[in-house]
Amino acid sequence: MIELPISRAGDGAVIAGRARLATRLFDRMRGLLGRPPLTTDEALLIRPCGSIHTFGMGYALDVAFLGADRQVCKVVESVRPWRMASCFGAVMTLEMAPGTVARHGLRPGDRLVWEE
């Protein structure tokens with residue numbers, strides 16, 4: 001998987017200094033299953049993806065659903081284990097450590113930027 005920094009357009013706030021990009025089927029299906037919890041500087045960007053689950057996980061996640069233009073459509077804070085979250089129209093999902101959304105004030109309408 002590729003690692004890249006993700007920031008918010010406009011103010012340049014770094015949302016994740018080390019985000020892994022999961023685009024291959026196996027990487028997208030596995031997601032964070034069997035992996036340790038994300039640190040405050042890490043994230044997993046899954047593309048394509050409009051819904052996530054935390055079945056089999058032992059920790060919560062903050063999630064941002066993004067449209068094709070990389071604009072945040074929806075944020076869900078602290079998705080606990082054994083839950084699901086989705087967003088109609090989302091094509092990418094950014095999974096982050098709990099508290100990341102609040103710490104950065106991430107909200108629908110924000111546009112995220114990164115270079116692949």
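The values are calculated or read from the model by the stated rules, or taken from the named source; none is laboratory data. Fair warning: this is a prediction, and the values are worked out from it, not measured in the lab. Neighbour counts are summed over all protein chains in view; Cβ atoms, including those assigned to glycine, are modelled from backbone coordinates with ideal geometry. Accessible surface is based on the protein model in full, side chains and every heavy atom, while ligands, DNA and RNA are left aside. Shrake-Rupley method; radii C 1.70, N 1.55, O 1.52, S 1.80 Å.
Here are some notes:
- The Cβ shell under 14 Å around residue 22 holds other residues with a net charge of +2, Lys and Arg each +1, Asp and Glu each -1.
- Positive-end extreme of charge dipole, region 5-116 - chosen from 108, 36, 7 (charges on Cβ): 36
- Shape metrics for region 55-104, restricted to C-alpha atoms - Rg then Dmax, Å: 10.8, 32
- Net charge of Cβ neighbours under 12 Å - reference residue 43; Lys, Arg +1; Asp, Glu -1: -3
- Cβ-based net charge around residue 71, under 12 Å, with every Lys or Arg adding one and every Asp or Glu removing one: +3
- Test item: Cα-centred dipole of the chain, Lys/Arg +1 and Asp/Glu -1 on Cβ, debye: 320 debye
- For region 91-108, 3J(HN,Hα) computed residue by residue from phi via the Karplus equation (6.51, -1.76, 1.60; θ = phi - 60°) reads 10, 9, 10, 10, 9, 9, 5, x, x, 5, 4, 5, 4, 9, x, 5, 8, x Hz, glycine and proline entered as x.
- Stretchable slack from residue 116 to residue 80, in nm (0.36 nm times residue separation minus alpha-carbon distance): 10.0 nm
- From phi via Karplus (6.51, -1.76, 1.60), per-residue ³J(HN,Hα) for region 50-59 in Hz, x at Gly/Pro: x, 8, 9, 9, 10, 5, x, 9, x, 8
- Note, ³J(HN,Hα) from phi for region 63-68, Karplus 6.51, -1.76, 1.60, rounded to Hz, x at Gly and Pro: 9, 10, 9, 10, x, 4
- Accessible area of the chain divided out per residue, in Å², using a probe of 1.4 angstrom: 51 Å²
- Annotation: amide H-H contacts under 5 Å for residue 110 (H modelled 1.01 Å from N, sequence separation of 5 or more, or interchain): 72.
- Order by protection proxy (mean Cβ within 10 Å, highest first), peptides 35-47, 103-115: 35-47, 103-115
- Between residue 28 and residue 55, the FRET efficiency from the beta-carbon distance, with R0 = 25 Å, is close to 0.95.
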